[in-house]
């Protein structure tokens with residue numbers, strides 16, 4: 001069963017740690033004075049997430065998760081610090097929800113009568129085409 005997204009969001013917002021850094025790229029005269037990019041750090045093992053969710057996150061092969069179980073997300077898409085914080089939180093929430101998503105088990109089903117008839121008709125037609133490729137007899 002997947003966890004409640006609202007509860008996960010509250011846990012993430014309470015336990016995420018932010019550090020402000022300078023963004024890369026062009027920025028004009030203001031670039032060396034303003035720290036608008038954000039590094040978000042989230043320790044999976046120390047969090048209050050459900051155990052199944054923690055295990056799924058630690059098993060995922062995402063490059064943003066370190067060997068110590070810390071998620072590091074860098075957000076610098078926006079010029080505003082608040083927008084970059086919100087973007088980092090959304091990306092972390094998406095990562096957690098994707099890792100904790102449980103697929104529905106597939107139920108075995110039988111092919112329908114129509115699909116079996118179409119398959120057999122196609123096999124017959126292909127067989128006739130191949131039969132026409134043989135030697136011509138007078």
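The sole residue among 104, 123, 67 that is modelled with pLDDT of 85 or more, in a loop (DSSP other than H, G, I, E, B) and loosely packed, with under 11 Cβ neighbours inside 10 Å is 104.
Going by the structure shown, is residue 74 surrounded by 10 or more Cβ atoms within 10 Å (Cβ to Cβ) and under 19 Å from residue 18 (Cα atoms)? Spelling it out, residue 74 is indeed surrounded by 10 or more Cβ atoms within 10 Å (Cβ to Cβ) and under 19 Å from residue 18 (Cα atoms).
For segment 86-101, the set of residues classified as in contact (Cβ under 8 Å) with a residue 60 or more places away in the chain and surrounded by 18 or more Cβ atoms within 10 Å (Cβ to Cβ) consists of 88, 89, 92, 96, 100, listed by residue number.
The set of residues in segment 33-61 that are surrounded by 12 or more Cβ atoms within 10 Å (Cβ to Cβ), outside any helix (DSSP H, G or I) and out of contact with any strand residue (DSSP E or B) (no Cβ under 6 Å at 6 or more places or on another chain) comprises 34, 36, 44, 47, 48, 49, 50, 60.
The values are calculated or read from the model by the stated rules, or taken from the named source; none is laboratory data. It should be emphasised that the depicted structure is a prediction, and the values quoted were computed from it without experimental measurement. When we count neighbours, we look across all protein chains shown, and the Cβ atoms used for this are built from the backbone with ideal geometry, even at glycine.
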